Every structure is written in structure tokens, then in C-alpha cells.
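Here's the structure, in C-alpha cells; my notes come after.
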Amino acid sequence: LPFFNEVASNAWAPTQNDVGQRWQRTLAEFDGFVIITAEYNHAPTAALKNALDYAYPEWNKKPVSFVGYGSVGAARAIEHLRGIAVELQMAPLRTAVHIQGGDFIGVWQQGKSLEELTYLEPGVTALFEELAWWANALRTAREMTTPPQEIQVSSS
């Protein structure tokens, strides 16, 4: 995606950039997300934040889980992302997978395979089970919800 330079979020104004529009259409097809992030300077990457900013309604009322890698398993970056997800009206889930710096270096530079990190398996399984449950529940809720402009409030 190019650097976000729209007049406003697509919550308020249509995106003009063709690549941004294509990104939004792609996101709209999904019922839940797993975001994988590195951690730099205690935060997620700028490219990831840019990708999140390029959409708004496409993220709404959908669950998101996180996989992070870095010195503390990207725990600080994931904490930032949870707040961003709330602002995008997503449902950030509790379960995350944190790949510690030493393990990341082992896989990246020393020939270790991810399968050797067996301690990650229970978390990965829990992450996908939780994400599937919430994706199904929230999809059902979205399908059953009347859009806000059509809700009528009784005065009695």
C-alpha cells in the first residue's frame, strides 16, 4: 500500500487510491484476522499501521488475534495493536502467540524450524479455536443486526 494520504478515513470519505480500494474490498471478504507483527521501538511497524489505517468499516465488528516476534515476543507492539483494534471497532482477542527474540533469531539465521518451537503449539491451537468461535459469533451478529439508520426507538 502507498503511504496513507487520503483526506480522511474511509469511515468519512471514500478512498481515492485504487490500491487502497482493492485492499478494502479484500478485507471486507473476511470474518476475522490474524495480524503478524514484529516489534520496533516498542511498537508495531509503520507499514502495518498504514495498512490498518487504509480501512475502517471493513474491520468493524470482526475479531483479531496477534502473532508477534521480537525481543519480548512483540508484547508491547501487540498491546499497541489491541488499542488500535478497539478504535477500528474490532474485537481483539486475549490469546496471542509471542515468538521470543532468541527463538526468532534461531529460525531466521540459524536454521531452526518453527516446528521445533513446540511450546508455541498450545497457543497457536487456542488462538485459532478462539478466532474461529468469535468469527462465527460476530458474523452471525452482523447478519442479524439492523443498520443503525433503520433502528426505530419506541417513545413509550
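The values are calculated or read from the model by the stated rules, or taken from the named source; none is laboratory data. Please read all numbers here as calculations on a predicted model, not as lab measurements. A quick note on method: Cβ atoms are made from the backbone with ideal geometry, for glycine too, and the neighbour counts reach across all protein chains shown. Keep in mind that these areas ignore ligands, DNA and RNA; they rest on the heavy atoms of the full protein, side chains included. Shrake-Rupley method; radii C 1.70, N 1.55, O 1.52, S 1.80 Å.
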Residue count, region 1-30 (criterion: assigned to a loop (DSSP other than H, G, I, E, B) and either buried (at least 17 other Cβ atoms within 10 Å of the Cβ) or out of contact with any Lys or Arg (no Cβ under 8 Å at 6 or more places or on another chain) (or both)) = 18
Going through region 21-47 in order, the residues found to be more than 27 Å from ALA75 (Cα to Cα) and out of contact with any Asp or Glu (no Cβ under 7 Å at 6 or more places or on another chain) are GLN21, ARG22, ARG25, THR26, GLU29
Could you check region 41-156 for helices (runs of 4 or more DSSP H) lying wholly inside it with 2 or more residues that are under 21 Å from ASP31 (Cα atoms) and under 14 Å from the mean Cα position of the chain (by Cα)?
-> 46-53, 75-87, 121-144
Answer with yes or no whether GLY83 is of a type in the set (Gly, Ala, Ser) and under 21 Å from TYR40 (Cβ atoms).
-> yes
Where a residue in region 40-67 is within 14 Å of TRP23 (Cβ to Cβ) and its partner, wherever it lies, is open to solvent by less than 10 Å² (accessible area, probe 1.4 Å) and outside any helix (DSSP H, G or I), with Cβ under 6 Å and at least six apart = LEU48/THR37
Of (1) touching a Gly at 6+ places or on another chain (Cβ under 6 Å); (2) under 22 Å from LEU1 (Cα atoms), GLN100 satisfies every one except (2)
Would you check if VAL67 is in contact with a Leu (Cβ under 9 Å, 6 or more places away or on another chain) and surrounded by 17 or more Cβ atoms within 10 Å (Cβ to Cβ)?
-> yes
Scan region 107-124 for residues that are open to solvent by less than 60 Å² (accessible area, probe 1.4 Å) and touching a helix residue (DSSP H, G or I) at 6+ places or on another chain (Cβ under 8 Å) and report the count.
-> 4
Scanning region 13-22 residue by residue, those under 14 Å from PRO57 (Cβ atoms) and over 21 Å from the mean Cα position of the chain (by Cα) turn out to be ALA13, PRO14
Conditions: (1) in contact with a strand residue (DSSP E or B) (Cβ under 8 Å, 6 or more places away or on another chain); (2) without any contact (Cβ under 8 Å) to a residue 40 or more places away in the chain; (3) open to solvent by less than 30 Å² (accessible area, probe 1.4 Å); (4) small (Gly, Ala, Ser). ALA75 meets all but one. Number of the miss?
-> (3)
